[in-house]
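Right, one structure below, let's go through it.
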Amino acid sequence: MSLKNKIMISLAVILTLPVMAGAEGDPERGKQKAETCLGCHAIENYTNVYPTYPVPKLGGQNAQYIVDALKAYASGDRPHVTMHAQAATLTDEDRQDIAAFLSSANGGAAK
């Protein structure tokens, strides 16, 4: 590999590091953005009105799972009218931040 190629690859890696570091999301920003989520997902034994089923608690859930679920709700690949309405308004950064908060030790705790 030529020196020019090595320099180009190194430069690409260096420029990508800040983007990769930010991919995990910010739990402090996520705490603010997740207030609406906690209205249902932080209540013990909470169920939907119709169809009736338990609403899952999200505190401690895997962050990537939360991001993937929010994307699927937003696109309609995962059907749920209320969740679609909530998730469709979120940016990728919002999803990452919310996931970082909910997956943290303090995320999703009932208040």
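The values are calculated or read from the model by the stated rules, or taken from the named source; none is laboratory data. What you see is a predicted model; the values in this text were computed from it and never measured. Backbone-built Cβ (ideal geometry, glycine too); neighbour counts: all protein chains shown.
Values as computed for the structure displayed
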item	result
Candidate set from segment 31-50 (those that are in a helix (DSSP H, G or I) and without any contact (Cβ under 8 Å) to a residue 12 or more places away in the chain); member that is farthest from I98 (Cα to Cα)	G39
Hey, T82 modelled with pLDDT of 95 or more, surrounded by fewer than 12 Cβ atoms within 10 Å (Cβ to Cβ) and among the polar types (S, T, N, Q) or not	no
In segment 51-73, the residues that are outside any helix (DSSP H, G or I) and surrounded by fewer than 16 Cβ atoms within 10 Å (Cβ to Cβ)	P51, T52, Y53, P54, V55, P56, G60, N62
Residue tally, condition out of contact with any Pro (no Cβ under 6 Å at 6 or more places or on another chain), over 21 Å from S104 (Cβ atoms) and hydroxyl-bearing (S, T, Y), over segment 47-72	3
Inter-residue pairs, beta-carbon under 9 Å, first part of a loop (DSSP other than H, G, I, E, B) and in segment 88-111, second modelled with pLDDT under 95 and among the polar types (S, T, N, Q), 6+ apart	G107/Q61; G108/Q61
Candidates Y46, Y50, Y73 - the one that is of a type in the set (F, W, Y) and at pLDDT 95 or above	Y73
